[in-house]
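All remarks here apply to the structure that follows.
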Amino acid sequence: MSTSNAKAAPEVKTPPAPKITPRRLTIYREKVAPALRQEFGYPNPMMVPRLQKIVVNMGVGKAVENKNRIEAATKDLTAITGQRPLVRKARGAVSGFKLREGYAIGVAVTLRGARMWEFLDRLITLAIPRIRDFRGLPNKLDGRGNYTMGLSEQSAFPEIQLDKVEFVQGMDITFVTTARTDKEGLALMTHLGMPFRK
């Protein structure tokens, strides 16, 4: 019997999964923004400082001697952020470091939107508490309301399996905000839950 004339089963369309708002974004909207508006007396809710992006940067200086280090850093940063990083290359030659223009010397990721908020939540609740001898973060901003912190090793993040770490690598994490002053930027980061030194 020929099946060519048989009717194909109708396709069942599944409804799209509902979007889940990141927990730290909900905290910002419900608690942080109202607290900042009250603290600084903003007449307009659009004036309340917010987080624009997070830039995670791993400088891999020893990649000049060992090319595998860039691949390892790329793999680790992808696991930590959920986004493939860009490879940064040297802009000029430095003979003292055996560095030529165009050599890969680091990897970086820029996080925005839901990924940014999820990364911030994991950083505050999981990674920072795992830092050995942690006594709080320094509370110095850059003069324009942005904050940069450093981690000495990538193993602070639970996504990194210690037995598979090829080499210990630190990173810089920069929080770019819409704050106009350091005071506003510090208030924003404090209300978001960053554990600054008292």
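Key figures for this structure:
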{"quantity": "Label-point separation, Arg29 to Phe134 (7 Å along Cα→Cβ), nm", "calculated": "2.7"}
{"quantity": "Distance (nanometres) between label positions extended 7 Å along Cα→Cβ at Arg88 and Thr125", "calculated": "3.0"}
{"quantity": "Cα-Cα over 25 Å, subset of Lys67/Lys164; Lys53/Lys75; Lys89/Lys183; Lys53/Lys89; Lys13/Lys75; Lys53/Lys140", "calculated": "Lys89/Lys183; Lys13/Lys75"}
{"quantity": "Length released on extending from Arg180 to Glu39, taking residue separation times 0.36 nm less the Cα-Cα span", "calculated": "49.3 nm"}
{"quantity": "Amide H contacts under 5 Å for Leu137, placed H, 5+ residues apart", "calculated": "Phe196, Arg197"}
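Each value in this text was obtained by applying a stated rule to the coordinates, not by laboratory testing. Since the structure is predicted, the reported quantities are computational estimates derived from the model, not experimental observations. So basically every Cβ, Gly included, is an ideal-geometry build from the backbone, and we count neighbours across all protein chains shown.
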